[in-house]
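Novice: Got a structure for you, written out below as structure tokens; questions coming shortly.
The values are calculated or read from the model by the stated rules, or taken from the named source; none is laboratory data. Nothing here was measured: the structure is a model prediction, and the numbers come from that model. Counting neighbours? That spans all protein chains shown, and the Cβs are built from the backbone with ideal geometry, glycine included. SASA here: full protein model, heavy atoms, side chains in, ligands and nucleic acids out. Shrake-Rupley method; radii C 1.70, N 1.55, O 1.52, S 1.80 Å.
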Amino acid sequence: MTLYVLALVLTAAVLHAWWNLLSKKTKGKIPFIWLVFVTGNIIYLPIVIYELKTGVSIFSQALLWFSLISAVIHLGYFIILQTGYRNADLSVVYPLARGSGPLFSSAAAILFLHERLKLTSTIGLLLIIAGVLVITRLSFKKENNRQIMPGDCFDLFTGDQGKQ
């Protein structure tokens, strides 16, 4: 790996961690999500304008539909993530969010694209699930998860989650 590639990977990791820390610090407010989306659009707007002017890009109806569907999925993901940050600790929400991606994409590939589940893929998915459970200290006993996932809805609104 070249130094340039390593720098890109480390920069992406730092920015990703910073984004999630900011998300938690803002207590998962919806205006923060919109601010991030608007900022991202402003950053990418010059690239889109350049692509349109040079005529290099190929736009089609299928591309627009996939873009719209992707935007809706991402918006839903960010809203769910912010809700998690409002109601639980960063050390619980972040691993669950990172671990759910491979799990859901694998399930979708198996269900909708008729992918075959191979032994190595199965072992990988089970290791991801086990890692998330270990990192978040989740257990299969409801009373042990009381601190992480409050039982009553009232706790979610009063901010008393995790207090016994």
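Novice: Using the Cα centre of segment 1-95 as origin and beta-carbon charges of +1 (Lys, Arg) and -1 (Asp, Glu), tell me which of Ala88, Ile42, His16 is placed farthest towards the positive end of the dipole.
Specialist: Highest projection toward the positive end goes to Ala88.
Novice: Cα atoms only: what Rg and Dmax, in Å, come out for segment 57-121?
Specialist: Spelled out, the Cα radius of gyration and Dmax of segment 57-121 are 15.6, 43 Å.
Novice: Ok, one more. Which whole-number percent of Cα pairs in segment 1-110 have a distance greater than 25 Å?
Specialist: Details: 2363 of 5995 pairs.
Counting pairs separated by more than 25 Å, the tail of P(r) holds 39 percent.
Novice: Taking 0.36 nm per residue of separation and subtracting the Cα-Cα distance, what length does fully extending Leu125 through Met1 add?
Specialist: Details: separation 124, 0.36 × 124 = 44.64 nm, distance 2.68 nm.
Difference between extended and current length: 42.0 nm.
Novice: Also, quick follow-up: What is the Cα convex hull volume of segment 1-43 when expressed per residue in Å³?
Specialist: 62 Å³
Novice: Counting only protein heavy atoms and a 1.4 Å probe, tell me what percentage of segment 21-90's accessible area is made up of carbon and sulfur.
Specialist: On the way: 4050 of 5280 Å².
Answer for segment 21-90: carbon and sulfur cover 77 percent of the accessible area.
Novice: Would you mind getting me the FRET efficiency between Arg98 and Ala62? Use the beta-carbon distance for r and R0 = 25 Å, nearest 0.05. It would help to have the intermediate numbers written out before the result.
Specialist: Details: r = 30 Å, r/R0 = 1.18.
It comes to 0.25.
Novice: Which residue, chosen from Phe66, Gly76, Met1, occupies the Cα position most advanced towards the positive end of the dipole of segment 1-96, where the dipole is computed from +1 (Lys, Arg) and -1 (Asp, Glu) charges on Cβ about the Cα centre?
Specialist: Positive-most Cα among the choices belongs to Gly76.
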